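K.L.:
Take a look at this one; I'll ask things after.
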Amino acid sequence: MFSVLSKNVIVLAVSLAFQCFVPLPAQEKYWIFFCDKGDRVFDPFTYFDVKAIERRQRLGLPLGEETDLPLKSEYLKVLEKHTGRIYTESRWLNAVTVKASDQQLAIIRELPFVIGTLPVAHAESVSFCSYQAGELSDDKLDLLIRQTGRMGAEIFGEHGVDGRGVRIAVFDGGFPGVDTHPCFDHLRREGRIIKTYDFVKNREDVYKGINHGSMVLSCIAGIYDGTKMGLATGSEFLLARTERRGELYSEEENWLAAVEWADKNGADIINSSLGYTYHRYFPVDMDGRTSLVARAANIAAKKGILVINAMGNDGDKLWEYLGTPADVDSVMSVAGINPETDYHISFSSYGPTADMRRKPNIAAYAEVIAAKKSKLARVQGTSFSTPLVTGFAACVMQMNPGLGNMEVFNLVEHSAHLFPYYDYAHGYGIPQAAYFFKDITGDSRDLFFEFVDDTIFIVIPEEINLNDSNSDNLLFFHLENEKGVLERYSVVNAYQHDVLKFLANGILDDKILRVHFRGTTIIHKF
Amino acid sequence: MKFSILIISLLISIPLYGQKILLDKDVTKAYQNIKGPNTKSFKQLYFGVGMVAGNTPDLQINNIKSGYFSVGFRQKFKILSFYSAGFEIGYSALHFNIKQAEDKYIPNSELHDKEKLRFHDCNLQIFNRINIGKRGNVIGRFIDIGGYTDYFFSSSHYTKDKIEESASLPRQDVFARVQVVKNSRLDYVRPFGYGVFGRAGINWFAVKVTYRMSDLFEKKYDWSELPRVYVGLELTLPN
């Protein structure tokens, strides 16, 4: 009854439908968690790089913990027998990834040493790039200077601080051009790319794949024609490719494998521009505990590594909030600032976490000049705010070699231009090198409260010049409830001296009002 | 005093007189009104195109040139993590390109250079959706099984012929080279229809197979039915 053509149409449709569901009958990737570890014999001096040993000794951490012990080989053999191949091993989580069908998974779950299974999640690179490659025009050169200048590059430069001696691991989708681009000449010449590993292809060559990693690295340590693109031009690097080419999606397992590799090889800082959001999670899962990467990031922090992660680029999208592992307390989460306005850039994801903890921690420009494979480009994304902060943190570590990762974390927060003011769009603001070298506290005469009956006025004195420059006139304020959670926050362009008026009615009882203007923060408790 | 600039209160909105608000976030509802494809209620717009599959001996159609376009609104309700149900309200334009065979008799035996039957309908569809695999706030992989009913608010029979010049009909008397005839509100078309469909997809893309159970032609004409199977692709607008 059907013509040949019609049959072809149906065959095509059925095959398309089938292709949609290819993974259904096939195997999916799972994490398999074990109940205990195997061989207790562990020699940290052969397993760890000397820098990893130094970090542990410096911070007073044990040289070998339960999480450092290898997996039990018998368990691996059994799983290999059932599934054919072990893809990733995680000592920290005491788990492996395998591909298994539903039937195989059912058998694996029954194994006496298996305490749990979990599907492998996918991540999204938290950047998007509006490339404008080519020679640098004056406005691009201006941005290049400001992207580090806003944090005080000149001051670090004057004091010879460039992140020297600090080892930074960069997780990204590939680093093409890092082996040839003139912006990285100094790293190659001085042998400061210590190790590389491609966790997607299981090989050492990372100079392939997407050039996102090259751009990120340039914002940490690149030098263009004598101008610093990032602040840690003296640091040394571990480069890990964790994302697949083209898709901009990566598997969680690569991040987990890379973080253990970074620890083993002595990383002091991890720069990660990946975020895990709606593909596998709901916003309510952004609680710093649910995702595996959150757990791994926590372990990394406990081992003395400062993990710096982008907030994400979903601020103007349906998701709106941060991704994981930016939701972890001990991860420094970086928001994006618009270099033209000096406040939150629209796409930068917002905090707080799902359990209302403070995020982001810090912010930096999210529109920068970065090194592509062979040229420079103007690019956007919190992916690029993150390496700017990483460079800053490396400088702080260099200046304070005895400090632990969380102490550096706190110092970077304290140095930020809004501190002690805080909100869920900017964190504490953009870190400032000047904090470490001179007194930059604001003048309390810049701003004051005036009380008239039940009304509180916030006033900028008449002698303060409110010029036309928007970034100079930015006034930040928030209302914090008794639990320490912000209920509302705003940024106002103040171009009149009488800025705000609050009616002190009962609704505001027990709430704290903080207002920030030009380095000064004033506080009132209702 | 000229302090009536910007009044902030949790009870009243923010009147703005002198300052410009650049960013203002109310956090009290954070994480409470999460929207998205994998929430309790989700609306979306869709577009579909497809071909007519199969043929009948009495009324041969050109499958490549026959097909449909559809657009509509879909409302999905999540009932369990793996099961949803929903409905769609849409519009479809369906046309059959009729092959010109010697024994053709539907809707008449005249032969033309081109001949089409066109239908425009509005439709209501209901579906059951089974989702496969763990997912976040995305549509994910799914299979839909559903049924539909439609109302043909417009039907037409369209023919197109080149006008041949002849001695009895010279060009200067015709003033045209092509004759198009369109007969509308066809008596032989049943106004209401119904059928079933299956759909398989990933996120914003799906393949849909529709089977029309009702006849297109009124019974009293005793004509062969037009093909009942339509196969198409559907694209949903991300929101």
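K.L.:
Is there a simple number for the mean count of other chain Cβ atoms within 10 Å of the Cβ of residues in B:27-40, and what is it?
P.N.:
5
K.L.:
Here's another thing I want to ask about it. Between A:Phe449 and A:Phe437, what length comes free when the chain is fully extended (0.36 nm per residue of separation minus the Cα-Cα distance, one decimal in nm)?
P.N.:
1.3 nm
K.L.:
Let me ask you something else. How long are the three semi-axes of the equivalent ellipsoid of the stretch A:155-300, in whole Å, if each is the root of 5 times an eigenvalue of the C-alpha gyration tensor, listed from largest down?
P.N.:
Value: 27, 17, 14 Å, ordered largest first.
K.L.:
Measure off 7 Å from each Cα along the Cα-to-Cβ vector at A:Ile512 and B:Gln179, then give the distance between these two points in nanometres to one decimal.
P.N.:
8.9 nm
K.L.:
Note the full-extension length gain between A:Ala106 and A:Arg58 as 0.36 nm times their separation in residues minus their Cα-Cα distance, in nm to one decimal.
P.N.:
12.7 nm
K.L.:
Note down the Stokes-Einstein diffusion coefficient of the stretch A:444-525 in µm²/s, whole number, using a Kirkwood radius over alpha carbon pairs, 25 °C, and 0.890 mPa s.
P.N.:
186 µm²/s
K.L.:
Take the alpha carbon atoms of the stretch B:41-236, find their radius of gyration, then divide it by 2.2 N^0.38 Å using N residues; give the quotient.
P.N.:
Ratio of Rg to 2.2 N^0.38 Å for the stretch B:41-236: 1.25.
K.L.:
How large is the direction-averaged shadow of the alpha-carbon convex hull of the stretch A:22-120, in nm²?
P.N.:
7.3 nm²
K.L.:
Evaluate the stretch A:340-458: find the radius of gyration of its Cα atoms, find its Kirkwood radius, and give the ratio Rg to Rh.
P.N.:
Checking Rg against Rh, the ratio lands at 1.05.
K.L.:
So which DSSP H runs in chain A come out at 18 Å plus along the axis (Cα) with average Kyte-Doolittle of at least 0.0?
P.N.:
Helices passing the filter in chain A: A:4-20, A:382-399.
K.L.:
Taking a cut-off of 18 Å between Cα atoms, list the aspartates and glutamates near B:Lys20, but don't count ones fewer than 8 places away on the same chain.
P.N.:
Filter leaves A:Glu340, A:Asp342, A:Asp468, A:Asp472, A:Asp498.
K.L.:
Pairs A:Lys264/A:Lys302; A:Lys303/A:Lys359; B:Lys160/B:Lys182; B:Lys116/B:Lys219: which are spaced more than 18 Å apart, C-alpha to C-alpha?
P.N.:
In this structure, A:Lys303/A:Lys359; B:Lys116/B:Lys219 lie more than 18 Å apart at Cα.
K.L.:
Over the Cα atoms of the stretch A:219-338, each weighted equally, I'd like the Debye log10 I(q)/I(0) at q = 0.11, 0.22 Å⁻¹, rounded to two decimals.
P.N.:
-0.39, -1.34
K.L.:
Could you calculate the FRET efficiency of A:Ser374 with B:Phe205 from 1/(1 + (r/R0)^6), where r is the beta carbon distance between them and R0 is 45 Å, rounded to 0.05?
P.N.:
For R0 = 45 Å, the calculated efficiency reads 0.80.
K.L.:
Mind checking which of B:Tyr194, B:Val71, B:Leu237 is farthest towards the positive end of chain B's charge dipole, using Cβ charges of +1 (Lys, Arg) and -1 (Asp, Glu) about the Cα centre?
P.N.:
B:Leu237
K.L.:
Heads up, I need the accessible area for B:Asp215: 1.4 angstrom probe, whole protein in place, Å², nearest 10.
P.N.:
B:Asp215 has an accessible surface of roughly 30 Å² with all protein chains in place.
K.L.:
Right, something else. Given the Cα-Cα distance of A:Asp36 and A:Thr180 and 0.36 nm per residue of separation, how much length would full extension add, in nm?
P.N.:
The span from A:Asp36 to A:Thr180 would gain 47.3 nm if fully extended.
K.L.:
Quote the convex hull volume per residue of the stretch B:87-194, based on C-alpha atoms, as a whole number of Å³.
P.N.:
Cα-based convex hull of the stretch B:87-194, divided per residue, equals 173 Å³.
K.L.:
Also, I was wondering about something else. Go from 0 up to the bin containing the longest alpha carbon distance in chain A, width 10 Å each, and give me the % of pairs per bin.
P.N.:
Values per bin, smallest distances first: 4, 18, 27, 24, 15, 8, 4, 1, 0, 0.
K.L.:
Counting only protein heavy atoms, what percent of the accessible surface of chain B is carbon or sulfur at a 1.4 Å probe?
P.N.:
Answer for chain B is 58 percent, counting heavy atoms of protein chains only.
K.L.:
Per residue and in Å³, how big is the convex hull formed by the alpha-carbon atoms of the stretch A:260-392?
P.N.:
116 Å³
The values are calculated or read from the model by the stated rules, or taken from the named source; none is laboratory data. Computed from a predicted model, the values in this text were never measured in an experiment. With ideal geometry, Cβ positions are generated from the backbone for all residues, glycine too; neighbour counts draw on all protein chains shown. When the accessible area is computed, the model is the full protein with side chains, heavy atoms only, and any ligands, DNA or RNA have been set aside. Shrake-Rupley method; radii C 1.70, N 1.55, O 1.52, S 1.80 Å.
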